[in-house]
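Contents: one structure, followed by commentary.
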């Protein structure tokens, strides 16, 4: 893994690929690499869909190795949703495969000279780019079936659905899972629209004939990996909760603590929560012959994924994540799990971010377009997005635009990106992350829910402002580093709680690269990444005033605890003071 | 004129009006007053449609007097379109009438407690506010007819159409003209949506029984006014061009110099220009029994307004302004003057900004929704806005949102507001104003077209960056001051060219208020207004990066002169260094 593949989509005669040594980017992976390229090469004031923006797809530092949990991939660019820098992270197979093929990153750049659509095939022999207008407007599932027929089933794919082709600001970049289904998505920030603006429909990868990446010190690496896996297995979250119930284990927990945003962030508990909880979902999955425990990429030992079958036992969608179940469920007042699963499938198929679209539908419900709880109306709205009708175009542009278009005041966004499944009033630490992350409202950027609610890695009172700034700061730094390694963010539960697991993680990196990285080194990496990102955003016109929640979170009391978001603006401005 | 009328729309039992002395706002009028109230009382990060925003309607310092040209009115608030401070300026009768009634300003504030719609009636006896849901979704013309039946024909009105009720970001506040037609609009920035968010449909004014405001020194005032009128009459622009052909005299001029943005800002000349020029329009108007020379408010001596009849000689709309003819005409490739006039009428009737909507339709045409030149499709789009269909909601949200929703890169906006009828590449001075005005792209904020093209008040090469920053700075300062006096901005042509007319203008102010204002005092007033506005915007999160044109104006050459916008970012940042 020592070269960067650049595809100039504006080259004469069609897109042209050039691989070159990583150069000054050597030693960077995942988010550190995407943010370095975007921050260094993309003019911050450019149009996100224009010639000057780039789409960067980068496996992590440990992707393609035998290390557990190392299959996450980062996608970066200037976000069509936020106008700022964006790294969206996904599981699936392409991270491992791209790394084995020796690429640190794929960079799509330039401006197409025609409307023609292209597919890219990469294997051990090189890169082949082919014009293929027969792929136009294919949903992701159909597209992947077509790719399988063409390239066999040893492949994995990176693709966009119709939403990406239509350049919608909530469009995702899809990654296929171990079963070659387009179920994993770099969802946030509309990077699928950037891929769409480059007229690249799909990148097909085949690492047949390429070995697993060899560590500098194989013995030490193997030993560290073993201790790392043991640590993940013994921690209650990564060893029990997540494997048993998936991320949706959180529905009952968040509902219980009153931090579950219901009816477009109007209250913290949902009557229908039990019906859509992880516990109920796992039971249904098992009963119908689906899988409640499953990995989203090879090398995963946490196994928080799954498969969700319909009533007849046929595959409907992958096990929906907690945030998806919330977005299309409680936040819209919907408690029909089969319909939520259908929405998950449709989102994956059309290629739209489940969080953004769920939050958007709730805003549309507040605008009077449908009643809260009307699952069929919500499903119809997703079809409108897929078809690109005027209403679908609005919804596909995200919650902020939908709020603006329909004149709705209560729109839960920061930097134009919708808040996920944790109310910032009842979980004030996540509110600090929403407000200040360079990514816009993003729970994964600094998951203070761990300390605020789960009491993992610390204990900070969720309902009070005290301690939240320091907590979010430390988490944002750690996250930026982990997102650069290709490691699944869920290792943080074990790593934050168990010093020996953190050490095993460090040992893996050191054994693989021949480094002597300490905890301080990880912190430095995280700070470096955040600094690059914030520098880009500053040059794009972002100020401390953009590091704020919408003002109603400061005034509107949130039941059952009747809390407002009480972290002061002055304190928010201290998050990145280190 | 010594009191401010505040209407608390959130009062128990319905909106409640309270008049109080102007206090610290005494001595301010028009834009100086709206910007002082907005900057001082509205939290810059509030939602434009929320409780904390205010709609301020203020006549100018000389409104309600016997002074010529003093009937302009300012409307201010936080803009739903730009997110920044906004002053939108209009002609019509309400400025004179409101001033005679003794009000420095009407301020709509608070948040309605129900969905009920209200009308406000103000006369010499006071203020009466009545719930009237029969007005819901009435277009402006129908609304005014209803008000006439109810209150007689001595009234004038300030109102919103369906667009304002639907809280669209391009909604206007309409003001009736001397014929009691809703033809004059505070168009830019969507302040009609703010009025809509306060549930006030119409403010009916009747100044019967109230005298013209008396000057401190009547003789001096009368003498100054006489010299002022003489100056306006003798200047070729205000004495000949504008009265004869209206503002649309500019079509041929801008087309000739290659600065007429055609087909969504793709080229600087339009084949169909002659068909929609002011000369052709005036001829048609006269032939059909309309009026080519007419004033938009009592006291106007420039008479650049008019009436446009249909082929059968029936009133169709007021004489469309140059920017309207451009927006719905050349910019959309349309050269059918009757259809452009119909669009002008529909915009007035639904209450949407002609510039924003015309620019938006051109963006929609670039997105493939209709062909350039298809007038019927454009008219249909306006009806969609009026009906509030999903497509109409998109278009009514303005060019920036429409571009985002349809994934269009070439969107000519600054701070989210569409550029008017002068291309910033071929008229670089206006480009500096577009980029830097706190209002977003706005030709009236510093009309460098005067010196760049018309060669009035100076001569600065339109195609070169040299001298444009200083020019725009001086014009923005002068404009901010003039907009505070209630004077029509067109006095600037005569005032900038003829020192004696500028002196007459000063003498009018001094004689009326007993002041000893000099030219420096006017400059200080202008600087003070701009400083307040920029301070609000800074607190709302605006930075120098927001004082930029979209990047394609710097790279895409504009025919026939094949110019790009060449004023550097560094120079743009010097506009407000004084």
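Observations
- Considering only residues in the stretch A:556-574 that are closer than 13 Å to residue A:469 by Cβ and out of contact with any helix residue (DSSP H, G or I) (no Cβ under 9 Å at 6 or more places or on another chain), the one that is surrounded by the most Cβ atoms within 10 Å (Cβ to Cβ) turns out to be A:568.
- Members of the stretch B:146-194 that are within 12 Å of chain A (Cβ to nearest Cβ) and in contact with a strand residue (DSSP E or B) (Cβ under 8 Å, 6 or more places away or on another chain): B:163, B:164, B:165, B:168, B:170, B:171, B:190, B:192, B:193, B:194
- Taking the stretch B:1-78 and the strands (runs of 3 or more DSSP E) fully enclosed by it, the elements with 3 or more residues that are within 29 Å of residue A:569 (Cβ to Cβ), assigned by TED's automatic domain parsing to the domain that holds residue B:195 and under 19 Å from the mean Cα position of the chain (by Cα) are at B:73-78.
- Selection of the stretch B:11-45 for residues being within 14 Å of another protein chain (Cβ to nearest Cβ) and surrounded by 16 or more Cβ atoms within 10 Å (Cβ to Cβ) yields B:42, B:44, B:45.
- Residue within the stretch A:421-431 that is assigned to a loop (DSSP other than H, G, I, E, B) and within 14 Å of chain B (Cβ to nearest Cβ) present: no
- Among the residues of the stretch B:338-375, those identified as within 20 Å of residue B:277 (Cα to Cα) and more than 22 Å from the chain's Cα centre (by Cα) are B:338, B:339, B:372, B:373, B:374, B:375.
- Test result for residue A:475, under 30 Å from residue A:256 (Cα atoms), in a helix (DSSP H, G or I) and more than 14 Å from every other protein chain (Cβ to nearest Cβ): yes
- Criterion violated by residue A:307 - all others in (1) at pLDDT below 95; (2) outside any loop (DSSP other than H, G, I, E, B) satisfied: (1)
- Annotation note: of B:538, B:492, the sole residue that is part of a helix (DSSP H, G or I) and within 14 Å of another protein chain (Cβ to nearest Cβ) is B:538.
- Residue match in the stretch A:266-275 (condition: farther than 17 Å from residue A:178 by Cα, surrounded by 22 or more Cβ atoms within 10 Å (Cβ to Cβ), outside the structural domain of residue A:65 (by TED's automatic domain parsing) and touching a strand residue (DSSP E or B) at 6+ places or on another chain (Cβ under 7 Å)): yes
- Residues being crowded, with 24+ Cβ neighbours inside 10 Å and modelled with pLDDT under 95 - total across the stretch B:452-477: 0
- Within the stretch A:401-419, tally of residues that are more than 21 Å from the chain's Cα centre (by Cα) and more than 10 Å from chain B (Cβ to nearest Cβ): 0
- The number of residues in the stretch B:364-375 being within 13 Å of chain A (Cβ to nearest Cβ) and surrounded by 22 or more Cβ atoms within 10 Å (Cβ to Cβ) comes to 1.
- Condition met for residue A:576 (in a loop (DSSP other than H, G, I, E, B) and either modelled with pLDDT of 95 or more or away from chain B (no Cβ under 11 Å) (or both)): yes
- Between A:7, A:57, the distinction of being under 28 Å from residue A:356 (Cα atoms) and surrounded by 22 or more Cβ atoms within 10 Å (Cβ to Cβ) belongs to A:57 only.
- Note on the stretch A:541-567: among residues that are in a loop (DSSP other than H, G, I, E, B) and closer than 21 Å to residue A:477 by Cα, the one that is farthest from the other protein chains (Cβ to nearest Cβ) is A:567.
- Checking every residue in the stretch A:215-226 against the condition of being surrounded by 24 or more Cβ atoms within 10 Å (Cβ to Cβ) and closer than 22 Å to residue A:416 by Cα gives zero matches.
- Count of the stretch A:314-331 residues which are assigned to a helix (DSSP H, G or I) and free of Cβ contacts under 8 Å to residues at least 60 places away in the same chain: 2
- Among the residues of the stretch B:376-400, not one is out of contact with any helix residue (DSSP H, G or I) (no Cβ under 6 Å at 6 or more places or on another chain), facing chain A (nearest Cβ under 8 Å) and crowded, with 24+ Cβ neighbours inside 10 Å.
- Evaluated against (1) within 24 Å of the chain's Cα centre (by Cα); (2) closer than 29 Å to residue A:548 by Cα, residue B:522 falls short on exactly one condition, (2).
- Evaluation of residue B:449 against the conditions (1) over 23 Å from residue B:546 (Cα atoms); (2) crowded, with 24+ Cβ neighbours inside 10 Å shows that the sole unmet condition is (1).
- The residues on offer are A:379, A:361, A:334, A:302, and the sole one that is within 30 Å of residue A:491 (Cβ to Cβ) and either in contact (Cβ under 8 Å) with a residue 12 or more places away in the chain or outside the structural domain of residue A:69 (by TED's automatic domain parsing) (or both) is A:302.
- Residue B:369 vs. criteria over 23 Å from residue B:423 (Cα atoms) and assigned to a loop (DSSP other than H, G, I, E, B): yes
- Residues located in the stretch B:436-445, provided they are surrounded by 24 or more Cβ atoms within 10 Å (Cβ to Cβ) and either in a helix (DSSP H, G or I) or at the interface with chain A (Cβ under 9 Å from one of its Cβ atoms) (or both): B:436, B:445
The values are calculated or read from the model by the stated rules, or taken from the named source; none is laboratory data. In this text, all values refer to a predicted model and were calculated from it rather than measured experimentally. As a convention, Cβ positions derive from the backbone with ideal geometry for all residues, glycine included, and neighbour counts pool all protein chains shown.
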